[in-house]
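Accompanying notes for the structure given below.
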Amino acid sequence: MRILPEISRTFGEYLLLPNLTDESCTPGNVDLSAPLVRHPVGQDSPIRIATPLVSAIMGAVSSPQLAIALAQVGGLSFIHQNQPIEEQAAMVAAVKRHKAGFRHNDVNIKPSATLGEAAGLLAGTGRETAVVTDDGSATGEFLGLISVQDFNFARHHRDDAVESRMRRVAELATGTAGMSLAEANSVLWDSRQDVLPIVGGDGRVTALVQRRDYELHQQFSNETVDGDKRFRVGAGVNTHDYRERIPALVAAGADVLCLDSSDGYSVWQKHVLDFVRGEYGDTVRIGAGNVVDGAGFRYLADAGADFVKVGIGGGSICITRDQKGIGRGQASALAEIVTERDAYARETGIYVPLCSDGGVLHDSHMAVAFAFGADFLMLGRYFARFSESPAPQVKHNGQILKEYWGEGSARARNAARYGQGRDLVFEEGVDGYVPYAGSLYDNVKVTLAKLRSTMISCGSTSLRRFHDTATLVQVSQQTFVQNSEDVQRNERPTVV
Ligand code: MZP
């Protein structure tokens, strides 16, 4: 028996100290890109992600729709493996069918087009775009295009403003067609609509595009898509049916795989990694985990894992620590494994990226995780709250919620992940709700703005430098007590 000399700590127990902010520290200069898979030290990773966030390998989180939305903002989803092989492969293929990027076809439909003409043009684009007509019927007057997510959201909330906004944009498109850019800009500025003009080769306006679509294209498409301009997507695999599941996922176009297990320090994971290297060499990339100490990391890194996932018991829906007495505070687990990752890189010349999985309850925890040295983060609860997640949306006491259940809950019965024989004998996860938070795009945009702002305060414009130079301080128990007492005694200003 051995007792570690330290206490097991979570992200919420730390704060960052600011560092010198110089002229180079501007939001535009902050590079949040991260290596996804192993690579020689000093060289670039063969797969990088522009936004260091990936969605959890969970049925309540990673659907094709969420995968596309997340790829559009530079991140990556892992389609869950707790389903028949053909269904998972079909989900992967559904993401790969979508062409990435911003295309003229999407916006080149004039307001005067009939619905039939608009639908014909849209069918060829492969984009999730809905047509808005003035009375909502197929024979109504065509007003414009809207993303399917926004359309569903508006319909769910009976938001009539969408129709009047589309009507206004349609009028503007007609009004600005053929104008010079300067003329159109002044009209659009006055209109206060969030649209941008697209100009043709003659410098004249041909169409309008929603600013959101344009920004997505400008910021991320080049970095997030493959050579053939399709969205990247990952897929979970297990240690049971990998001989059949992996070839099917590879054939469907999965860009990267990840072993999905609550305890990855096992010989079974090595068998899967051996299988992948034997069958595919380095052409198929696969992460492994989860582990919470340096020995677990080294075992998987030596076995050939492309990245290693860190975390046991920290998930928001996880009760493994109560049920089995296994786990470790996410901050403590990361601290030890980051040291091991860097030692491994010095010894072998190979850098194996770390994915910190679970336990992010606030955006500020992301900054702490990166300061500790995580390369990228896997999030479940965070993404489960968005319109794009596959979980049902429900109303309770006037509040909109999304269902969110753990893979170890009776609802998911993910026996391959929780390894209790063929079925789940006891639960390791809960089946609950999270507050609905709107679209992925809107939320990720704010989250990344916060992260950039923290990094700027700490004088860093890259995640590596942020980790290398971060100074963290532990908050006292008294701080927690005082915060909750202040809230209870109403001694904090309340928002009205
Ligand atoms: P969170 O972002 O909701 O805090 O945590 C998500 C992570 O929790 C997942 O990526 C996975 O590692 C873990 N998870 C998923 N299901 C369970 C469970 O049922 C679980 N216990 O712990």
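Once the C-beta distance of Thr174 and Arg413 is scaled by a Förster radius of 56 Å, the resulting FRET efficiency is 0.55 to the nearest 0.05.
By the Cα gyration tensor, region 242-342 has an equivalent ellipsoid whose semi-axes, rounded to whole angstrom, run 26, 16, 11 from largest to smallest. Calculation over all alpha carbon pairs of region 252-294 in 10 angstrom steps from 0 returns a P(r) of 27, 52, 20, 1 percent. Taking other Cβ atoms within 10 Å as a rough exposure proxy, Val92, Val292 sort from fewest to most as Val92, Val292. Per-residue extension of 0.36 nm, minus the Cα-Cα distance of Gln482 and Glu347, leaves a gain of 44.0 nm for this segment.
Stretching Leu181 away from Asp274 to a fully extended chain increases their span by 27.7 nm, per 0.36 nm per residue minus the current alpha-carbon distance. Near Val195, the amide H atoms lying under 5 Å from its own belong to Arg211; only residues 5 or more places off or on other chains count, and H is placed 1.01 Å from N.
Note on region 321-453: Rg/Rh from C-alpha atoms, Kirkwood Rh, equals 1.03.
Pairs from the table (Lys324/Lys445; Lys309/Lys395; Lys309/Lys445; Lys96/Lys450) lying more than 28 angstrom apart at Cα are Lys324/Lys445; Lys309/Lys395; Lys96/Lys450. Using R0 = 41 Å, the C-beta based FRET efficiency linking Thr339 and Asp190 works out to 0.10. 3J(HN,Hα) couplings calculated from phi for region 172-182 with the Karplus curve 6.51 cos²θ - 1.76 cosθ + 1.60 (θ = phi - 60°) are, in sequence order, 5, 4, 5, x, 9, 3, x, 6, 6, 4, 5 Hz; Gly and Pro show x.
Applying the criteria of a DSSP loop state and at most 10 other Cβ atoms within 10 Å to the trypsin sites (Lys or Arg not before Pro) of region 407-452 yields Arg422.
Since every read-out is calculated from the coordinates, none of them should be taken as a lab result. Small disclaimer: the values here were computed from a predicted structure and weren't measured. Backbone-built Cβ (ideal geometry, glycine too); neighbour counts: all protein chains shown.
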